[in-house]
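Report on one structure; see the data block that follows.
The values are calculated or read from the model by the stated rules, or taken from the named source; none is laboratory data. Keep in mind it's a predicted model, so treat the numbers as computed, not measured. Here the Cβ is made from the backbone with ideal geometry for all residues, glycine too, and neighbour counts use every protein chain on show. Quick note on the areas: whole protein, heavy atoms, side chains included, nothing else; ligands and nucleic acids left out. Shrake-Rupley method; radii C 1.70, N 1.55, O 1.52, S 1.80 Å.
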Amino acid sequence: MEKPRIATTSLAGCFGCHMSLLDIDARILDLAELVEFHKSPINDIKAFDQHCAVGLIEGGCCNEENVKVLREFRRNCDILVSVGDCAIMGGIPAMRNLVPLEECLQEAYLNGPTVFNPSKRIPNDPEIPLLLEKVYPCHEVVEIDYHLPGCPPPADTLWEALGALLKGNPIELSYELIKYD
Amino acid sequence: MSETLKETVGEVCRSVEFDRSRMIDVVREVQKRYGNVSGEAMELIARELKTHRVEVESVVSFYAFLSEMRQGKVVIRLCNDVIDRMHGADRVLAAFEEELGIRVGETTPDGEITLTTTACIGMSDQAPAALINDVVVNHLSSDLAREIVWELKQHGNPALLVKNLGDGNNASELVSAMVKNNIRHRGAVILSRAATGQGLETALAMTPAEVIRNVKTARLRGRGGAGFPTGMKWEFTRAGSAAERVIVCNADEGEPGTFKDRVILTECPDLMFEGMTIGAYAIGASLGIVYLRAEYAYLKRFLESVLDRRRSEGVLGRGICGLEGFDFDIRIQMGAGAYICGEETALLSSCEGVRGDPKNRPPFPAQKGYLGLPTSVNNVETLCCVARIMEHGPGWFTALGSEQSAGTKLLSISGDCKRSGVYELPLGIPLRELLKLAGAEDAQAIQVGGPSGQMVGPDAFDRTICYDDLSTGGSIMVFGPKRKILEVVDAFLEFFVEESCGYCTPCRVGNVLLKKAVAKLISGKGSQKDLAYLQSLAETVKKTSRCGLGQTSPNPVLSTLENFRSVYEEVLVAGEAGLQHDFELSRAVSQAARIAGRTSAHLHP
Ligand SMILES: Cc1cc2nc3c(=O)[nH]c(=O)nc-3n(C[C@H](O)[C@H](O)[C@H](O)COP(=O)(O)O)c2cc1C
Ligand code: SF4
Ligand code: SF4
Ligand code: FES
């Protein structure tokens, strides 16, 4: 039987959630037995050319490219999981939602106390994706099937959840795996 | 600190004997005299009542009729509930705004007039209606609104706005209101005859236990909404060895579309006080409190006069009806504008002079209620029933109504019907018959029991009004064929968002999310998944909320999902599955595109 494929991406995240996935240590070998990694920063596959069973999303949407990628994931994965607080509710990047976009850019590139920018220009290369007016959690952009909270969710939580999803079992996480204080 | 404020606060606090539990009276009085309760005033009140400023502040910030910000000498509170909007409240509001030159929520620059909106003020049968300070103005139109403003600018005295007095006691000197009773049908129990006092005499000839047994035999259930058996409640309150007990009459009547207690308070106060006195005898209470909603302040002087008369007649006070040792008196506690204070434990909090937060149960009020004393809270109408049960006997009462639901019920009918008003009818009456009486046969939907009740359609018109089928505290709102069901649901949710006390998360946050979810559907951007989400969210809020408000606030959603599913399905989005259609990339990047001076590279999905 063909192995189920999974895809992962980091949108407006810090890669911490991906690091947590790698934190399953030696079990990564078991995982490689179980699944085939498709589009993911782990193997650097850039584009979807096959349908996937599960897509893991780290980070929310802060720019137009994030939206594009997230929509691709929705179209190419049966199950989408928001992994970590940034994907679920915007997280740290969403702190900018309290400040108008123009002021954010000015603070970041012109006025901030640690800024060194002799050109006094805000980067504006056509290659740079346009920012959204605020950072969106993933489920406000596409439908999300599961949310795994945590910053990042512990490796064991990811391992258990992924295992259950791939086997088609209900996700039943013990208290220890979803307790955060 | 200003000397006069200090003196005033001192005087007001002295009038309640520096009793901290009378905080609502104190802040209401300060608000009345100054148009606000300033930080300075809070400081002074706290000092006089030997409490902390934050206690005063938490009260002032909680109630709609109190404010820290100074309001105008005249405050116009226009009802913006769904029934009033159906009758043109939006046009009335626009006229008020234009004529005053301010927006809703603002005060005229000369500090004279404040304009605001409020939930149902108990005048749905004469909507659009507004309170101008304590004065009720009804049947408003935009012309009338302009006239009112013009007049207020001349004399600034709301009392002079009263032109055509209403019927019955509304026309009496102590009420002097334009309010109409709109009594459409007088039933056997309450509205057909005046109080005789016979019920009280009969009761006093029995032992308290016998009185309670009679109320139980009559199978009387609470008329305020929850329908708890009254006799049982009294038995629980009487049990135990407390030296002092309390009976409270719930005259908060906050459920939108309910106005039947208004009519009882105006026309049958003696019957209500009689029932309350019987209750006091039955449970062994010497203190009675009528919790009167702030919107009905125009009835307070009249009710006080009835109490005075009863005292002089010897049916209230010491040794009632010559019965040695039966001492009982009643005071009126004014509310300050909060729907949640109709919930009995929140009501007791409010009587105790704190924020109107519901309390944890157990202990129930019957065990530990007002100031820790065993307390029975009963609705206005329930108490009237008690007086008649004692007068005519329980058999007479059970012969009225249906097998399971004894007696009559006062129903307040409003909305798209020819004859809105109060109907006293036997319980068990089919909805269809009621609609015929009210002239609402073409109704598309009926909201039974107010926003916290349920919405039913024509396939339910043969169901009956009673405790086991369509239960209601009295509110019946009629929606004609042209009304948009989802907009009604949205308006009800707005009400609950406004009125949630904020104590528990499922209700405080859940109602906001419910409203958002309904708004998304109304905008035509919702999918089948959103419907499922709405359903599950509504169930969660219902199951996990702390008190009756949050446990019923999802009912408009749940009952329309069940009974009017097609109105939801008609507005579902047709676009690609899996996307959230209320997220528009072009709108989300428009600011950045303007700042960068270029267009998006990814606009095409
Ligand atoms: C949010 C909420 C609001 C309520 N408002 C009222 C009200 O305005 N009047 C009333 O009599 N009961 C109201 N109730 C019901 C009371 O809690 C209580 O059950 C009732 O006053 C008991 O009297 P009864 O047994 O005679 O009906 C409300 C309940 C809830 C949960
Ligand atoms: S949730 Fe935490 S670890 Fe994951 S991307 Fe956000 S900040 Fe990083
Ligand atoms: S359910 Fe609502 S009104 Fe009741 S305690 Fe919770 S927040 Fe307050
Ligand atoms: S007075 Fe407006 S709905 Fe009752």
#### Entry: Of residues in segment A:22-57 being of a type in the set (Asp, Glu) and free of Cβ contacts under 8 Å to residues at least 60 places away in the same chain, the one nearest to ligand 2 (Cβ to nearest atom)
A:ASP44
### Message
Condition first: farther than 21 Å from B:MET123 by Cα and crowded, with 17+ Cβ neighbours inside 10 Å. Can you find one or more residues in segment B:143-152 that meet it?
### Response
yes
### Summary
By residue number, the members of segment B:203-244 that are open to solvent by 20 Å² or more (accessible area, probe 1.4 Å) and among the small types (Gly, Ala, Ser) are B:ALA205, B:ALA209, B:GLY224, B:GLY225, B:ALA226, B:ALA239, B:GLY240, B:SER241, B:ALA242, B:ALA243
### Task
Of the numbered conditions (1) open to solvent by 10 Å² or more (accessible area, probe 1.4 Å); (2) more than 17 Å from B:ASP125 (Cα to Cα); (3) in contact with a Lys or Arg (Cβ under 8 Å, 6 or more places away or on another chain); (4) of a type outside the set (Gly, Ala, Ser), B:VAL380 fails exactly one; give the number of that condition.
(1)
### Selection status of B:ASP252, within 16 Å of ligand 3 (Cβ to nearest atom) and either among the polar types (S, T, N, Q) or open to solvent by less than 30 Å² (accessible area, probe 1.4 Å) (or both)
yes
#### Entry: Identity of the residue in segment B:527-551, under 25 Å from the mean Cα position of the chain (by Cα) and open to solvent by less than 60 Å² (accessible area, probe 1.4 Å), that ends up nearest to A:ASP145 (Cα to Cα)
B:ALA538
### Query
Which one of B:ASP90, B:ASP81, B:ASP134, B:ASP110 is under 23 Å from B:LEU299 (Cβ atoms), charged (D, E, K, R) and open to solvent by 20 Å² or more (accessible area, probe 1.4 Å)?
B:ASP134
### Message
For the list (1) touching a helix residue (DSSP H, G or I) at 6+ places or on another chain (Cβ under 6 Å); (2) open to solvent by less than 20 Å² (accessible area, probe 1.4 Å); (3) within 19 Å of B:ILE413 (Cβ to Cβ), I need the number of the one condition that B:LEU115 fails.
### Response
(3)
### Message
Looking only at segment B:495-505, filter to residues that are within 7 Å of ligand 3 (Cβ to nearest atom) and closer than 14 Å to B:GLN551 by Cβ; which one of those is farthest from the other protein chains (Cβ to nearest Cβ)?
### Response
B:CYS501
### Message
I'd like the full set of residues that are without any contact (Cβ under 8 Å) to a residue 60 or more places away in the chain, at the interface with chain B (Cβ under 10 Å from one of its Cβ atoms) and more than 17 Å from the chain's Cα centre (by Cα), limited to segment A:125-174.
### Response
A:ASP125, A:PRO126, A:GLU127, A:ILE128, A:GLU133
### Query
Does B:GLY156 fit the bill of being small (Gly, Ala, Ser), touching a Lys or Arg at 6+ places or on another chain (Cβ under 7 Å) and under 30 Å from B:LEU493 (Cα atoms)?
no
### Query
Taking B:ASP329 and the conditions (1) part of a loop (DSSP other than H, G, I, E, B); (2) open to solvent by 30 Å² or more (accessible area, probe 1.4 Å), which numbered condition does it fall short on, given that it satisfies the others?
(1)
## Note on the structure
Flagged pairs (Cβ under 7 angstrom, 6 or more apart or on separate chains; first in segment A:95-124, within 13 Å of chain B (Cβ to nearest Cβ) and closer than 17 Å to A:CYS62 by Cα; second surrounded by 12 or more Cβ atoms within 10 Å (Cβ to Cβ) and basic (Lys, Arg)) are A:ASN97/A:LYS134; A:CYS104/A:ARG96
### Query
How about segment A:3-121: which strands (runs of 3 or more DSSP E) wholly inside it have at least 2 residues that are aliphatic (A, V, I, L, M)?
A:5-10, A:52-58, A:77-83
### Query
Only one of B:ILE148, B:ILE183, B:ILE132 is β-branched (Val, Ile, Thr) and closer than 27 Å to B:ILE340 by Cα; which?
B:ILE132
### Task
Check segment B:578-596 and report whether any residue there is facing chain A (nearest Cβ under 8 Å), among the small types (Gly, Ala, Ser), loosely packed, with under 12 Cβ neighbours inside 10 Å and part of a loop (DSSP other than H, G, I, E, B).
no
### Task
Would you mind finding the one in A:TYR146, A:TYR136 that is under 21 Å from A:ALA7 (Cβ atoms), surrounded by fewer than 16 Cβ atoms within 10 Å (Cβ to Cβ) and touching a helix residue (DSSP H, G or I) at 6+ places or on another chain (Cβ under 9 Å)?
A:TYR146
### Query
Can you name the residue in segment A:74-94 that is of a type outside the set (A, V, I, L, M) and facing another protein chain (nearest Cβ under 10 Å) and is also farthest from A:PRO152 (Cα to Cα) among such residues?
A:ARG75
### Query
If the Cβ limit is 8 Å and pairs must be 6+ apart or interchain, which residue in segment B:546-563 that is modelled with pLDDT of 95 or more and among the charged types (D, E, K, R) pairs with which residue that is away from ligand 4 (no atom under 16 Å from the Cβ) and open to solvent by less than 30 Å² (accessible area, probe 1.4 Å)?
B:ARG546/B:PRO358; B:ARG546/B:CYS504; B:ARG546/B:CYS507
### Query
In the list A:ASP25, A:ASP44, A:ASP49, A:ASP30, which residue meets the criterion of being in contact with a His (Cβ under 9 Å, 6 or more places away or on another chain) and open to solvent by 30 Å² or more (accessible area, probe 1.4 Å)?
A:ASP49
### Task
Looking only at segment B:512-526, decide whether some residue is within 21 Å of the chain's Cα centre (by Cα) and closer than 28 Å to B:GLU381 by Cβ.
no
### Task
May I ask you to verify whether A:ALA94 is open to solvent by less than 30 Å² (accessible area, probe 1.4 Å) and within 16 Å of ligand 2 (Cβ to nearest atom)?
yes
### Query
Could we say that B:VAL135 is outside the structural domain of B:VAL30 (by TED's automatic domain parsing), under 24 Å from B:GLU253 (Cα atoms) and either within 16 Å of ligand 1 (Cβ to nearest atom) or modelled with pLDDT of 95 or more (or both) here?
yes
### Query
In segment B:358-375, what residues are open to solvent by 40 Å² or more (accessible area, probe 1.4 Å) and closer than 9 Å to B:PHE236 by Cβ?
B:PHE364, B:GLN367
### Query
Does B:ARG355 satisfy being more than 13 Å from ligand 1 (Cβ to nearest atom) and part of a loop (DSSP other than H, G, I, E, B)?
yes
#### Entry: Residue under evaluation B:LEU514, criteria (1) over 19 Å from B:SER414 (Cα atoms); (2) within 16 Å of ligand 4 (Cβ to nearest atom); (3) of a type in the set (A, V, I, L, M), criterion not met
(2)
### Test: residue in segment B:178-195 that is within 16 Å of ligand 1 (Cβ to nearest atom), in contact with a helix residue (DSSP H, G or I) (Cβ under 6 Å, 6 or more places away or on another chain) and more than 24 Å from B:ASP84 (Cβ to Cβ)
yes
### Message
Filter segment B:514-533 down to the residues that are touching a helix residue (DSSP H, G or I) at 6+ places or on another chain (Cβ under 8 Å) and at the interface with chain A (Cβ under 10 Å from one of its Cβ atoms) and list them by number.
### Response
B:ASP530, B:TYR533
